Amino acid sequence: MHSASVRRNKGDKLTKKANQQRKVAVAKVAAKGPARTVPLAGKRPARKPFKQSIIKKVKAAAPAKAGKTASKPAGKATAGAPTWERHVKKQDVGFPLRTFDLDAMSDDELVACSKAMGIRLSLAEMHSARGYFQSKGRDPTDVEMEALGQAWSEHCCYKSSKPILKKYVYGIAEEQLICREDAGVLPFDGDWYYSPKLESHNHPSAIEPYGGAATGIGGVIRDVVCMGAQPVALLDPLFFGPLDTPLDKLPPGVKHPRFLLSGVIEGIRDYGNRVGIPTVAGGITFHPGYTGNCLVNVGCVGILHKDALTHSKAGGVGDVFVYLGNPTGRDGIHGVAFASEELSEASEEASRSAVQVGDAILKEPLIHVTLELIADKLVTGCKDFGGGGLSCVAGELAYDAGFGCEIQLDAVPLKVPTMAPWEIWVSESQERMMVTAKPAQVERILQIAKKWDVPAAVVGKVIKEKVNRVRYKGTKVLEFDLSFSTGGPVYDRPMKAPTINRQDWLTFEQPKDLSQTLLWMLAHPNVMSKEWVIRQYDHEVRANTVLKPLQGVIGSEGPGDAAVLKPVPTSKKGLALSSDVNPNYCLRDPFWGAASAVDETVRNLAAVGARLSSILDNLNFGNPEKPERMWELSESARGLGTMARALNIPFASGNISLYNQGPTGPIPPTPTVMGCGILSNFEHATTMDLKKAGDKLYLVGHTYRDLGGSLYLESMKKSKGERVPQTDPEILAVSADLVVTAIEKGLVRAAHDCSEGGIAVALAEMAFAGKLGAKADLAPLGAFGDERNLQPGPMRSDHKLFSESNSRWIVEVPAAKEQAFLALFDKPVVKGLCYPLGEVVREPTVTIVDGSKPLIQVGVEACRAAWRDAMPKLMGVSA
Amino acid sequence: MVKAHVTVHLKPGISDPEGNNTLKALQLLGFDGVVAAHTTRVWTIELATKSKDKAKEQVDAMCRRLLTNPVIHDYTIKVE
């Protein structure tokens with residue numbers, strides 16, 4: 001695409017080679033194609049008798065010998081040659097500009113044109129573009145075609161997912177939101193709001209992990225900043241193929257998971273640390289399904305005073321657009337279009353230019369400039385340059401306010417002076433922000449930008465007409481009715497549902513040595529310590545972090561459930577963050593998998609003493625044009641929506657990433673959920689490590705036979721069967737609230753949720769993090785049978801031990817407070833929900849029995865060693 | 001054994017913060033007449049092959065896959 005774009009820059013060393021190639025290509029086309037007359041010459045004569053000239057051109061263009069109509073594939077005659085190029089005219093305007101005679105193109109040529117340009121519009125979409133320009137009586141320019149490619153990409157207009165989102169996740173508890181634009185805004189305490197955002201940077205990271213992940217962080221920070229918020233925390237849910245994948249098992253073009261993981265971690269570390277925002281939470285999940293297409297989800301939370309709230313729309317007609325930040329370069333061109341198709345073997349090199357090049361050192365001052373402009377009330381609107389670049393940001397700022405915009409492309413600061421207008425218009429270069437302001441404020445805005453050494457320029461103005469008009473060196477290169485370009489297509493794509501057997505009970509022997517199974521689980525990639533990663537991130541910069549990712553006795557920490565921040569100096573409230581999803585559940589049952597992700601988020605937040613305030617979803621799925629993938633997306637959205645509605649919790653923001661499908665097939669359905677919780681007082685924040693010998697241990701929540709997708713089944717090498725954990729939002733809501741109440745009343749010394757590996761793993765983690773032992777008896781569990789799975793009789797001991805039932809916590813209660821704690825649960829819905837499990841002991845051993853039957857006896861040091869050493873071993877570094 | 005020297009430099013017009021800051025610092029230290037400073041990166045890669053052509057081909061692939069970003073970098077390879 002670059003060679004095509006930069007042609008005709010005379011005297012430009014950079015593009016000489018491209019020019020030469022191009023000349024050859026043009027010569028070829030010229031030899032074949034019809035005589036070319038270029039009547040436009042910079043001005044656009046109103047070609048009113050347009051229809052007739054179309055017919056003429058079609059006739060001229062169609063191969064005469066074939067004698068077929070123009071809609072027939074004209075390309076066939078010249079087998080594979082880029083015949084669509086015949087219908088492209090270079091304009092003699094002193095800079096690179098082409099027009100496309102869409103009317104003259106056959107369907108095959110339209111498709112070939114869309115493909116060769118890299119705009120990835122389907123035939124139907126090319127047809128509607130053609131219809132629009134026919135109605136306008138002119139041919140589109142390359143700037144317009146590229147802009148449409150962006151505006152109508154899956155990434156920008158959600159054309160496949162919108163119907164599903166509307167059906168399941170829109171409109172839930174919206175009254176709790178202050179607003180939802182580039183990021184959500186919700187009340188935190190008094191005059192203070194918090195603003196969270198979660199998004200993905202999957203495709204770029206699979207191609208260029210370092211730059212992809214770094215710019216993902218950059219993007220999500222900007223979304224929060226443009227609401228007027230100071231970013232205070234980052235979190236990163238990441239998903240990779242197994243680290244021990246043999247090199248020779250990788251398909252061509254796929255990078256080794258270890259390479260990708262190292263690159264992504266370095267990218268997040270370098271960008272996050274340099275920009276001075278702590279990375280406090282997240283997670284790394286491994287599954288073979290991510291080998292060909294890793295996922296990098298990035299979340300950010302900011303804090304703002306209510307007066308600073310700034311909307312992502314222009315203030316009024318006459319406002320000017322001020323461009324702030326990085327000059328525009330050739331990096332990140334076609335990023336959104338590339339994110340809207342499957343990765344292939346060729347993606348590695350062909351799509352490098354779609355990955356932006358980040359510069360954290362410029363981002364830091366850009367944050368200051370933006371927030372200072374907002375604090376000084378100099379701007380009327382603010383929006384970051386995200387996917388789609390200038391093309392999207394200008395149009396949306398104007399359109400969302402009910403106006404139009406006029407942009408001068410030659411005013412945009414450039415990294416490379418020879419960029420073609422379309423490149424400037426669609427580049428997704430990082431570290432750029434657009435504000436709208438009254439003309440009188442421009443001088444001060446430019447002064448402030450200069451003070452921080454940040455480039456800035458006035459690039460356009462807001463106009464009354466709802467039109468997007470772009471000029472370059474005096475020539476109009478783009479003019480869209482905004483309702484046309486922002487009103488992208490919407491597809492109701494077909495779905496195909498597989499049958500899910502939720503009662504496929506397996507029979508297998510209980511292993512002889514369950515202690516070994518526990519140690520295997522602790523060393524499992526999805527459980528093992530991520531200390532190797534966490535220690536590379538700065539999780540304390542800004543000095544607001546109350547609970548860190550690793551918690552417990554120094555030198556023996558365990559995995560915390562959620563991070564807690566104290567973001568506002570004058571408020572005692574705490575902000576807790578967590579993110580969750582288990583692809584093993586989602587793969588088997590996307591509905592309950594998504595519901596479980598919400599459940600886990602609620603209980604992670606409750607475990608530290610926080611009440612859920614909002615959730616964010618990042619829906620990572622495969623190719624929506626495949627009915628099975630579409631069904632996964634729909635079921636997951638239904639699961640999320642069902643839970644959110646029942647819990648009455650709003651989606652603060654969301655993001656969708658489709659076409660996550662590489663040479664190794666589609667990824668498992670991955671509806672990542674990020675939860676923001678609020679602690680009434682940050683001093684209540686509770687860690688997961690056991691604190692005192694003699695304290696009592698309780699299990700909150702029922703244990704069912706929920707083994708589908710569990711670690712226990714994986715340890716048995718069983719990839720199918722059983723049922724994934726289900727959840728009852730009513731019980732979840734009441735029990736989470738009671739856990740938090742108990743924490744607030746000082747009745748709980750430690751709390752940890754049960755997830756992968758069930759009670760056994762949770763208890764082992766609590767013990768080694770506190771350097772204490774635990775004695776537990778599972779006899780009280782499952783005594784009433786398991787009414788949900790229709791299985792009569794008492795549960796098997798190994799099922800109780802490793803079941804991954806939702807809505808469960810293990811809590812440590814001081815003996816003296818036992819009665820007060822139990823009294824809390826003496827009410828409807830949760831009666832009988834609290835099971836006595838055992839006690840904390842001084843001897844550093846985890847002992848679990850079921851009545852008279854011994855199940856597990858293992859030293860906490862051995863547990864921690866298995867957990868801690870696994871990742872360094874897999875990464876090939878010494879512990 | 002073949003040694004390949006790879007030199008990677010930024011394309012003209014691409015911002016070079018390291019070079020720019022070096023320029024600023026040199027000027028502050030009073031070095032008169034310094035008008036520009038650019039950074040380049042050099043790798044020396046040793047390959048267990050006898051064929052220089054093959055080595056060059058391999059190193060070229062390395063440049064495309066790892067050492068450079070075609071959007072911002074140019075590179076040269078010398079084998080000995």
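Table for the structure above
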{"item": "Gyration tensor verdict on chain B (Cα atoms; rounded if a/c is under 1.5, prolate if a/b is larger than b/c, oblate otherwise)", "result": "prolate"}
{"item": "Relative packing of peptides A:860-866, A:669-675, B:13-19 - highest average C-beta neighbours within 10 Å first", "result": "A:669-675, A:860-866, B:13-19"}
{"item": "Low-density loop positions, trypsin sites (Lys or Arg not before Pro), segment A:673-715 - DSSP coil, at most 12 other Cβ in 10 Å", "result": "none"}
{"item": "Normalised alpha carbon radius of gyration of the protein assembly as shown [divisor 2.2 N^0.38 Å]", "result": "1.00"}
{"item": "Placed amide H near A:R749: partners under 5 Å, 5+ positions off or other chain", "result": "A:E812, A:V813"}
{"item": "Rounded FRET efficiency, nearest 0.05, which uses the C-beta distance separating A:R502 from B:T39 and R0 of 60 Å", "result": "0.50"}
{"item": "Model label zone, A:K745; criterion: amide N under 20 Å from point 7 Å along Cα-to-beta-carbon; scope segment A:696-739", "result": "A:696-702, A:731-739"}
{"item": "Charge-dipole axis of chain A as Lys and Arg at +1 and Asp and Glu at -1 on Cβ define it, positive-most pick from A:G654, A:G832, A:H203", "result": "A:H203"}
{"item": "Residue order, fewest to most surrounding Cβ atoms within 10 angstrom, among A:T570, A:T215, B:T7, A:T507", "result": "A:T507, A:T570, B:T7, A:T215"}
{"item": "Dipole magnitude of segment A:688-879, debye to nearest 20 (Cβ charges: Lys/Arg +1, Asp/Glu -1, about Cα centre)", "result": "300 debye"}
{"item": "Ranked packing of A:659-668, A:172-181, A:547-556, most packed first, by mean Cβ within 10 Å", "result": "A:659-668, A:547-556, A:172-181"}
{"item": "Size of charge dipole - the protein assembly as shown - debye, nearest 20, with Cβ of Lys, Arg +1 and Asp, Glu -1, no other charges", "result": "4140 debye"}
{"item": "Shielding by partners - mean other protein chain Cβ count within 10 Å, residues of A:322-334", "result": "2"}
{"item": "Shielding score for A:357-364, defined as the mean number of other chain Cβ atoms within 10 Å", "result": "1"}
{"item": "Packing-based exposure ordering (other Cβ within 10 Å, fewest first) of A:S135, A:S114", "result": "A:S135, A:S114"}
{"item": "Burial order of peptide ranges A:528-539, A:102-113 (average beta-carbon count within 10 Å, highest first)", "result": "A:102-113, A:528-539"}
{"item": "Normalised contact order of segment A:688-879, rounded percent, pairs of Cα under 8 Å and 6 or more residues apart", "result": "36 percent"}
{"item": "Modelled FRET efficiency - R0 35 Å, A:D92 with A:L123, Cβ distances, 0.05 increments", "result": "0.65"}
{"item": "Calculated from backbone phi, Karplus (6.51, -1.76, 1.60) coupling profile of segment A:287-295 in Hz, x at Gly/Pro", "result": "7, x, x, 9, 4, x, 7, 6, 10"}
{"item": "Set A:K548/A:K717; A:K415/A:K473; A:K512/A:K718; A:K166/A:K626 screened for pairs whose C-alpha atoms are more than 25 Å apart", "result": "A:K548/A:K717"}
{"item": "Calculated FRET value between A:K473 and A:K306, using beta carbons and R₀ = 60 Å, to 0.05", "result": "0.85"}
{"item": "Peptide-level mean, for B:13-22, of C-beta atoms on other protein chains within 10 Å", "result": "3"}
{"item": "18 Å cut-off, amide nitrogen to a point 7 angstrom out along A:K572 Cα→Cβ, residues in segment A:742-767", "result": "A:742-748"}
{"item": "Low-density loop positions, chymotrypsin sites (Phe, Trp or Tyr not before Pro), chain B - DSSP coil, at most 16 other Cβ in 10 Å", "result": "B:F31"}
{"item": "Fewest-first ranking of A:D850, A:D244, A:D236, using other Cβ atoms within 10 Å as the exposure measure", "result": "A:D244, A:D850, A:D236"}
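We did not get these values from a lab; they are worked out from the coordinates using the rules stated. The model shown is predicted, which means the values in this text are computed figures rather than measured ones. Glycine gets a Cβ as well: all are built from the backbone with ideal geometry, and neighbour counts include every protein chain shown.
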